[in-house]
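K.L.:
Right, I'll just put the structure down here and ask away after.
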Amino acid sequence: MLPAMVARPRIAIVGAGNLGSALAVSLRQAGYKIAAVIARRGASWRNARKLAKAAGASVSTDPSDAGQAEVFWLCVPDGEIARAARTLAAGVEWKGKVALHSSGALASDELTPLRARGAAVASVHPLMTFVPGSRPLLAGVPFAIEGDSTAVRVARRIVRDVGGSAYSIRKADKAAYHAWGTFASPLFTALLATMEQVAAVAGVKPKEARQRMIPILLQTLANYAAFGAPGSFSGPIIRGDVDTVKRHLRVLRKVPAAHEVYLSLALAALSRLPARNKRLLKQVIDSRGD
């Protein structure tokens, strides 16, 4: 902690999107005071006002209105972090303060304008998905943290207080880390959407497909959590059922995107997971089922 910083510093949330909203709720539940919500007027202004009301905070477009905060947490899109830092640099006295951003891909150096004004800075990324209509609590969520030692200490304390788990990440690893996270949720969601396309070929409507897939999806995740990828792998590839894979590839020609996804994932399975008849399966995949 900074010498003058209290155990639970006042926090200003910059940005009122899905992450900022969920963060403010968890922080308040952990006993933190949200000093202000800082946002630009526009499409998100209504959200900013609602968030400020729920958090018992003021809302403003002027960073100086949050000058009493000891910590500023930037929850804006990656492409806006550097611009927001430049704007904040001119509007707040930064000596003795901490600035955090929550990009998974970008390092704490995006906050260099604030560091130059005397702030300690860090990147603090929760490995969690945030979408409209959902405000997941942060208990149990892992946070990847890197930055100035003082800001890292403050961030670790906050993460612990909201029930999360903090771990260190190197700046050089952030792009790969964020790609990993993208596989875990956004691209997994894209896979689910592809599943719905395949279900349609089988005569199942999207809403029905979602309902019917949930039990197998939940069990697959439970198996993965308990046994890891090799122990939770099932189906025709692990059995070495070449004819079934051929049938899959033939019917999936009706959905070209799904055909490509199947080929890529089947190839990944052969290289990373247990399977019988690997040589024959590899031939089928390399021939694209022809």
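The values are calculated or read from the model by the stated rules, or taken from the named source; none is laboratory data. Source: prediction; values computed, not measured. Using ideal geometry, Cβ is built from the backbone for each residue, glycine included, and neighbour counts are taken over all protein chains shown.
K.L.:
Leu111: modelled with pLDDT of 95 or more and within 21 Å of Ala39 (Cα to Cα), yes or no?
P.N.:
The answer is yes for Leu111.
K.L.:
Starting from segment 85-98, keep only residues that are closer than 15 Å to Pro9 by Cβ and not assigned by TED's automatic domain parsing to the domain that holds Ser64, then list their pairs with residues that are aliphatic (A, V, I, L, M) and surrounded by fewer than 23 Cβ atoms within 10 Å (Cβ to Cβ) whose Cβ atoms are within a distance under 6 Å, requiring at least 6 positions of separation or different chains.
P.N.:
none
K.L.:
Now, a different point. Can you name every residue in segment 243-266 that is surrounded by fewer than 17 Cβ atoms within 10 Å (Cβ to Cβ), closer than 16 Å to Lys278 by Cα and not charged (D, E, K, R)?
P.N.:
Thr244, Ser264, Leu265, listed by residue number.
K.L.:
A follow-up question, please. Would you call Ser108 buried (at least 21 other Cβ atoms within 10 Å of the Cβ), touching a residue at least 12 places away in the same chain (Cβ under 8 Å) and in the same structural domain as Val71 (by TED's automatic domain parsing)?
P.N.:
yes
K.L.:
What are the residues in segment 168-183 that are touching a helix residue (DSSP H, G or I) at 6+ places or on another chain (Cβ under 8 Å) and in contact (Cβ under 8 Å) with a residue 60 or more places away in the chain, if any?
P.N.:
Lys171
K.L.:
Among the residues of segment 124-132, are any in a helix (DSSP H, G or I) and surrounded by 16 or more Cβ atoms within 10 Å (Cβ to Cβ)?
P.N.:
No, there is no match, as no residue in segment 124-132 is in a helix (DSSP H, G or I) and surrounded by 16 or more Cβ atoms within 10 Å (Cβ to Cβ).
K.L.:
Could you go through segment 88-99 and let me know if any residue there is modelled with pLDDT under 90 and over 14 Å from Ala120 (Cα atoms).
P.N.:
Scanning segment 88-99 turns up at least one residue that is modelled with pLDDT under 90 and over 14 Å from Ala120 (Cα atoms).
K.L.:
Here's another thing I want to ask about it. Could you say which residue among Ala69, Ala36, Ala52 is in a helix (DSSP H, G or I) and crowded, with 21+ Cβ neighbours inside 10 Å?
P.N.:
The match here is Ala52.
K.L.:
Say whether the condition of being assigned by TED's automatic domain parsing to the domain that holds Leu23, in a loop (DSSP other than H, G, I, E, B) and of a type in the set (Gly, Ala, Ser) is met by at least one residue in segment 166-174.
P.N.:
no
K.L.:
Further, regarding this structure: Does any residue of segment 58-71 turn out to be within 19 Å of Arg157 (Cβ to Cβ) and touching a strand residue (DSSP E or B) at 6+ places or on another chain (Cβ under 6 Å)?
P.N.:
Looking for residues that are within 19 Å of Arg157 (Cβ to Cβ) and touching a strand residue (DSSP E or B) at 6+ places or on another chain (Cβ under 6 Å), one finds at least one in segment 58-71, hence yes.
K.L.:
What are the pairs, 6+ residues apart or on separate chains, where a residue within segment 5-22 that is assigned to a loop (DSSP other than H, G, I, E, B) has its Cβ under 6 Å from a residue that is at pLDDT below 90 and crowded, with 20+ Cβ neighbours inside 10 Å?
P.N.:
Cβ pairs passing all conditions: Ala16/Ala39; Ala16/Ala48; Ala16/Leu51.
K.L.:
Quick check, is Val59 surrounded by 24 or more Cβ atoms within 10 Å (Cβ to Cβ), closer than 24 Å to Val162 by Cβ and either in the same structural domain as Tyr167 (by TED's automatic domain parsing) or among the hydroxyl-bearing types (Ser, Thr, Tyr) (or both)?
P.N.:
So Val59 does not fit the description; no.
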